[in-house]
Amino acid sequence: MQKIFPCLWFGDQAEQAAEFYVSVFERSSILEVSRYGPGAPLPEGTALVVTVEIDGSVVRALNGGQDIPFSDATSLVVQAETQDEVDRLWEALTADGGAPGRCGWLKDKFGFSWQIVPERLGEVMQQPDPAAAMRVMEALMAMDKISLPDLEAAARG
């Protein structure tokens, strides 16, 4: 297990979120669930902490109550190998109440922020020609879901 990993604070949907993430990402599984006992702030049997492996990365989901909402200041970045993977993840994570954001950012149906970016994004953005680099940046800033073919076309002019 990795030594440092994020903990996501949910109101009361940590287990549902973990199950959803496992359904979206390959090579994912729920590793452990601890539950609230009697007299706890949430009903007995509700998941307290869910430890989930999402495509090789361990994340904890905590049901801590409704007091602390998610913030756009925290997101998980997914480097997609292909445009097909970008498209598949984007569609899955924005479904059922999720919402697109700019430049590859989105919120899932639980309100948590993700960044879905092609692995080659940095390579395409680092154009030696300043005019090509500017075209790529302008194209990126106008996108919600990142389209690598469109960015490559912008680089070519």
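Would you kindly state how much longer the chain becomes between Q79 and M143 on full extension, computed as 0.36 nm times their sequence separation minus their alpha carbon distance, in nm to one decimal? Each step should come with its number before you reach the end.
Details: separation 64, 0.36 × 64 = 23.04 nm, distance 1.67 nm.
Length difference between fully extended and current span is 21.4 nm.
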Worksheet item: Taking 0.36 nm per intervening residue step and subtracting the Cα-Cα distance, what contour gain separates A132 from S71 on full extension?
Response: 18.6 nm
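Rounded to the nearest 500 deg cm²/dmol, what is the calculated helix-only ellipticity per residue at 222 nm for the chain, with -39500 (n - 2.57) per DSSP H run of length n ≥ 4? Walk me through the numbers on the way to the answer.
Values: 5 runs with 49 residues, N = 157.
Estimated from H runs of four or more residues: -9000 deg cm²/dmol.
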Fill in: Rg/Rh for the chain, where both radii come from Cα atoms and Rh is the Kirkwood radius
1.07
Fill in: Protection proxy ranking of 120-128, 44-52, 32-40 - average other beta-carbon atoms within 10 Å, highest first
44-52, 120-128, 32-40
Worksheet, complete the sentence: Charge dipole of the chain built from unit charges on the beta carbon (Lys, Arg +1; Asp, Glu -1), centred at mean Cα; most positive-end Cα among V22, Q83, A40 is A40
Item to complete: With only Lys, Arg, Asp and Glu charged, each at its Cβ (+1 for the first two, -1 for the last two), find how big the charge dipole of the chain is about the Cα centre; round to the nearest 20 debye.
Response: 300 debye
Worksheet, complete the sentence: A student asked for the Cα radius of gyration and Dmax of region 1-48 in angstrom ought to give 12.3, 37
Item to complete: Sum up the charges of everything whose Cβ sits under 10 Å from the Cβ of I30, counting Lys and Arg as +1 and Asp and Glu as -1, but leave I30 out.
Response: -4
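Using a 1.4 Å probe, what is the accessible area per residue for region 1-65, in Å²? Write down the numbers at each step before the final one.
Details: 3490 Å² over 65 residues.
Ligands and nucleic acids excluded, the figure is 54 Å² per residue.
For region 68-156, compute the orientation-averaged projected area of the C-alpha convex hull (one quarter of its surface), in nm².
Working: hull surface 22.9 nm².
Average of the hull's projected areas for region 68-156 equals 5.7 nm².
The values are calculated or read from the model by the stated rules, or taken from the named source; none is laboratory data. The shown structure was predicted, so the numbers you read here are calculated from the model rather than taken from an experiment. Neighbour counts are summed over all protein chains in view; Cβ atoms, including those assigned to glycine, are modelled from backbone coordinates with ideal geometry. To get the accessible areas, we keep the full protein, side chains included, count just its heavy atoms, and leave off ligands, DNA and RNA. Shrake-Rupley method; radii C 1.70, N 1.55, O 1.52, S 1.80 Å.
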